[in-house]
Amino acid sequence: MSWLKRERTGIKAAKKPARSDVPEGLWTKCESCGEALFQSVLEENLWTCPHCQHHFRVPARTFLQYLVDEGSFEERDANLEAGDPLEFRDAKMRYPDRLALARQETGMKDAALSGVARVGDKPVALTIMDFFFMGGSMGSVVGEKVARSIETAMAERRALILVSATGGARMQEGILSLMQMAKTSALLARLQRERLPFISILTDPSTAGVLASYASLGDVILAEPRALVGFAGARVIRQTIGEDLPPGFQRAEFVLEKGFVDRIVHRKQIREEVSRLLEFFWRSTRGFAREGGKSPHAELPARAALDLGPAADSVTR
Amino acid sequence: MSAWLDFEKPVLELEQKIQNLREKAGASGGAALELAELERRAESLRREVYANLTAYQRVQLAKHPQRPYTLDYVERCFTDWTELHGDRHFADDPAIVSGLAMIDQRPVLLIGHQKGRGTKENLMRRFGMPNPEGYRKALRLMQLAERFQVPVVTLVDTPGAYPGLGAEERGQAEAIAVNLREMAKLSVPIITVVIGEGGSGGALAIAVSDVVLMFENSVYSVISPEGCAAILWRDGKKGPLAAEALKLTAPDLERLGVIEGIVPEPVGGAHRDPAAAAEALKKAILRHLDALSGVSPSERMDRRLARFRRMGVYRENPA
């Protein structure tokens with residue numbers, strides 16, 4: 001290796017805060033307010049900053065723990081792996097090598113985790129995206145996992161939850177990644193016939209092709225505070241209009257104000273919030289039953305006394 | 001006055017030579033033999049140049065400023081065109097045109113991206129990049145077609161959905177997403193032809209169809225070659241490389257099973273002979289209208305869902 005040549009280190013993905021192999025007692029600086037925080041403090045706070053409420057990005061498996069009832073998750077479709085239909089090669093490497101690298105870095109096979117679980121005791125089918133795997137980009141595997149979650153929801157009479165953490169479609173799969181938008185959205189058209197609730201949760205970031213398909217189609221759309229939620233990239237928009245963007249542009253609060261998000265929910269309240277929503281739909285459908293039919297979830301009696309009043313915590317909007 | 005692309009220069013030079021010679025020879029018909037020879041050479045050169053186009057050359061042809069746009073095809077393939085405007089919520093978006101039309105005496109609802117000719121019209125039509133209103137207008141009219149059981153024909157020709165401040169504020173992503181879902185619910189036949197640029201979600205939002213065709217020199221991609229190059233090559237000028245890698249030409253998409261067929265173009269591209277291109281388009285639309293009309297509405301919807309459901313390439317290995 002010539003000493004004249006600079007070692008290329010490649011694009012560094014964002015920090016992976018919740019990896020279990022990070023030694024305990026490590027300090028992490030809050031990306032937003034700069035406060036130095038103990039790893040243990042961050043974990044206690046579900047990777048939100050206790051000072052400024054900044055929500056750190058977390059891997060899919062970590063978010064899963066915050067969302068579903070403990071011990072209720074059963075993974076599905078864990079063995080789906082991306083192909084290389086375009087034999088894609090960019091400036092640095094072939095797509096399969098990039099996938100291998102992402103697998104090594106994250107321990108995930110692709111950018112989403114799927115399965116069935118319970119939330120507030122209600123049966124759900126869910127897919128959670130993982131931003132740390134190639135920017136949470138949606139290729140054939142993510143699209144297929146989302147599609148199968150929708151089908152599972154219909155086949156097993158479960159609520160559907162899709163959690164987005166994504167920069168959009170995966171360029172390395174070209175037109176096939178674009179087609180995942182149509183595939184998932186067309187299946188959601190079928191779900192709408194079924195009287196099963198679909199809750200879309202937008203975490204930072206939820207953008208581009210994913211926002212322009214299933215992420216925007218929830219019966220209820222929740223977003224984490226300050227999450228980036230938008231279609232086009234800020235740089236492209238700035239170039240197009242030739243002026244600076246207003247403060248808070250494309251943040252969850254801005255998007256709520258414009259009318260495209262139902263509620264902004266602090267991560268600490270997400271399970272309670274989703275449980276309350278599901279309780280409502282559970283009751284209105286007598287246990288996710290088909291119209292005029294019986295609930296297939298006899299083993300899960302509707303809990304009688306869940307408070308359906310307004311959320312107590314002031315952070316929840 | 002014609003715009004020429006770099007790779008077309010040899011063809012242009014030869015064609016000019018022929019024209020000069022013809023003018024010199026005038027009515028005398030003197031250089032008839034030489035002219036015939038040159039014509040023959042020009043023809044074979046044209047075939048050679050246009051038969052071996054690179055992906056990026058196809059991108060250039062797809063974006064050619066003289067390429068026929070939706071309204072050019074409306075004029076040549078359809079009759080009784082009645083444009084209908086507006087999304088009934090916020091505005092009319094001139095980047096998408098839509099309306100009632102007849103093709104070979106049959107009523108259809110026609111929707112297409114519309115680019116402008118010249119700076120002024122292009123600014124008005126935002127170079128064919130729709131705002132959310134364009135997609136909502138398209139959906140409003142597709143649902144009108146549904147009520148009256150009229151087939152929908154869409155022509156795709158956009159660099160992408162408009163990346164603007166107002167577009168974001170008024171829900172560009174939501175507008176596209178809703179179209180993807182609602183198009184899946186239409187029971188009438190939907191035929192889409194990519195006539196120029198198929199720019200990502202901005203194209204797909206009017207292309208969740210029973211049949212998707214592409215003109216020979218059109219492209220359809222998840223991201224523009226320049227955009228892809230800027231991200232993966234860190235250099236927007238590497239567009240030609242990205243174009244090759246993205247597999248965005250009509251033959252590529254046919255191989256990937258994403259389209260049902262390719263509509264042939266005259267040698268040199270649709271703009272060299274718009275009448276011939278329009279004739280080919282009309283033939284293709286009519287053929288598929290006939291085929292789709294023979295299928296029951298519910299069967300058509302099931303097949304449309306299945307068409308998209310199977311798309312994607314992945315492996316499923318046992319643990």
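Could we say that B:L253 is in contact (Cβ under 8 Å) with a residue 12 or more places away in the chain and surrounded by 24 or more Cβ atoms within 10 Å (Cβ to Cβ) here? Yes; evaluated as a whole, the condition is true for this residue.
For segment A:217-275, the set of residues classified as in contact with a helix residue (DSSP H, G or I) (Cβ under 6 Å, 6 or more places away or on another chain), crowded, with 18+ Cβ neighbours inside 10 Å, closer than 20 Å to A:R57 by Cα and free of Cβ contacts under 8 Å to residues at least 40 places away in the same chain consists of A:V229, A:G230, A:F231, listed by residue number. Might you let me know whether segment B:154-168 holds any residue that is in a loop (DSSP other than H, G, I, E, B) and either among the basic types (K, R) or closer than 24 Å to B:L289 by Cα (or both)? Within segment B:154-168, none of the residues are in a loop (DSSP other than H, G, I, E, B) and either among the basic types (K, R) or closer than 24 Å to B:L289 by Cα (or both).
Restrict the check to segment A:281-292 and report whether at least one residue is within 22 Å of A:L196 (Cβ to Cβ), of a type in the set (A, V, I, L, M) and part of a helix (DSSP H, G or I). For segment A:281-292, residues within 22 Å of A:L196 (Cβ to Cβ), of a type in the set (A, V, I, L, M) and part of a helix (DSSP H, G or I): absent. If only residues of segment B:289-308 that are among the charged types (D, E, K, R) and either crowded, with 19+ Cβ neighbours inside 10 Å or in contact with a Pro (Cβ under 8 Å, 6 or more places away or on another chain) (or both) are counted, the one that is farthest from the other protein chains (Cβ to nearest Cβ) is B:R300. Within segment A:73-90, the set of residues being loosely packed, with under 14 Cβ neighbours inside 10 Å and over 27 Å from the mean Cα position of the chain (by Cα) comprises just one member, A:E87.
Could you list, in sequence order, all residues of segment B:147-180 that are of a type in the set (D, E) and either touching a residue at least 60 places away in the same chain (Cβ under 8 Å) or more than 13 Å from every other protein chain (Cβ to nearest Cβ) (or both)? Can you show your working first?
We begin by selecting, within segment B:147-180, every residue of a type in the set (D, E); these are B:157, B:168-169, B:174.
Once the filter is applied, which keeps residues that are of a type in the set (D, E) and either touching a residue at least 60 places away in the same chain (Cβ under 8 Å) or more than 13 Å from every other protein chain (Cβ to nearest Cβ) (or both), segment B:147-180 yields only B:D157.
The numbered conditions (1) more than 8 Å from chain A (Cβ to nearest Cβ); (2) in a loop (DSSP other than H, G, I, E, B) are all true for B:K185 except (1).
When only residues in segment A:230-279 that are basic (K, R) and away from chain B (no Cβ under 12 Å) count, which is nearest to B:G201 (Cα to Cα)? Before you say what the answer is, go through the steps one by one.
Of all residues in segment A:230-279, those basic (K, R) come to A:235, A:238, A:251, A:258, A:263, A:267-268, A:271, A:276.
Checking the rest, the ones that are also away from chain B (no Cβ under 12 Å) come to A:263, A:267-268, A:271, A:276.
Details: A:R263: 26, A:R267: 30, A:K268: 34, A:R271: 32, A:R276: 34 Å.
The extreme case among them is A:R263.
Taking the conditions (1) more than 13 Å from chain B (Cβ to nearest Cβ); (2) closer than 21 Å to A:Q172 by Cα in turn, A:P85 satisfies each one other than (1). The single residue among A:A227, A:A223, A:A189 that is within 14 Å of chain B (Cβ to nearest Cβ) and in contact with a Lys or Arg (Cβ under 6 Å, 6 or more places away or on another chain) turns out to be A:A189. Taking only pairs six or more apart or across chains, which ones have beta-carbon atoms under 6 Å, a first residue in segment B:301-319 that is in contact (Cβ under 8 Å) with a residue 12 or more places away in the chain, and a second residue that is in a helix (DSSP H, G or I) and not small (G, A, S)? Here the result reads B:F308/A:K183; B:M311/A:M179; B:M311/A:K183, each pair linking segment B:301-319 to a residue that is in a helix (DSSP H, G or I) and not small (G, A, S).
Among the candidates A:A182, A:A91, which residue alone is at the interface with chain B (Cβ under 7 Å from one of its Cβ atoms), at pLDDT below 95 and not in a strand (DSSP E or B)? Talk me through it step by step, then tell me what you get.
Numbers: A:A182 fails: at pLDDT below 95.
Every option except A:A91 fails the conditions.
Looking at segment B:192-202, can you tell me whether even one residue there is in the same structural domain as B:E216 (by TED's automatic domain parsing), surrounded by fewer than 24 Cβ atoms within 10 Å (Cβ to Cβ) and touching a helix residue (DSSP H, G or I) at 6+ places or on another chain (Cβ under 8 Å)? Within segment B:192-202 (the criterion being in the same structural domain as B:E216 (by TED's automatic domain parsing), surrounded by fewer than 24 Cβ atoms within 10 Å (Cβ to Cβ) and touching a helix residue (DSSP H, G or I) at 6+ places or on another chain (Cβ under 8 Å)), the answer is no, since none of the residues qualifies.
Condition test on B:D104, is it of a type in the set (D, E), in the same structural domain as B:K282 (by TED's automatic domain parsing) and within 26 Å of B:S293 (Cβ to Cβ)? Yes; evaluated as a whole, the condition is true for this residue. What do you reckon, is A:A147 in a helix (DSSP H, G or I), assigned by TED's automatic domain parsing to the domain that holds A:R76, out of contact with any Pro (no Cβ under 9 Å at 6 or more places or on another chain) and closer than 14 Å to A:A215 by Cα? Yes: the conditions hold for A:A147. Flag: B:A175 does not match the condition of being part of a loop (DSSP other than H, G, I, E, B) and at pLDDT 95 or above. Total residues in segment A:256-279 satisfying the condition of being among the charged types (D, E, K, R) and more than 18 Å from A:T48 (Cβ to Cβ): the figure is 5.
Here is the figure for segment A:195-216: residues that are within 14 Å of another protein chain (Cβ to nearest Cβ), closer than 19 Å to A:L46 by Cα and either acidic (D, E) or surrounded by fewer than 24 Cβ atoms within 10 Å (Cβ to Cβ) (or both) total 1.
State all residues of segment A:94-105 that are loosely packed, with under 14 Cβ neighbours inside 10 Å and either in contact (Cβ under 8 Å) with a residue 12 or more places away in the chain or in contact with a helix residue (DSSP H, G or I) (Cβ under 8 Å, 6 or more places away or on another chain) (or both); if no residue qualifies, say none. Scanning segment A:94-105 gives no hits. Of the set (1) free of Cβ contacts under 8 Å to residues at least 40 places away in the same chain; (2) more than 10 Å from every other protein chain (Cβ to nearest Cβ); (3) under 21 Å from the mean Cα position of the chain (by Cα), all apply to B:G227 but (2). Residues that are touching a residue at least 24 places away in the same chain (Cβ under 8 Å), assigned to a loop (DSSP other than H, G, I, E, B) and more than 18 Å from A:V210 (Cβ to Cβ) within segment A:106-144 comprise A:K109, A:G120, A:D121, listed in sequence order.
The values are calculated or read from the model by the stated rules, or taken from the named source; none is laboratory data. Computed from a predicted model, the values in this text were never measured in an experiment. For neighbour counting, all protein chains shown are included, and Cβ atoms are generated from backbone atoms with ideal geometry for every residue, glycine included.
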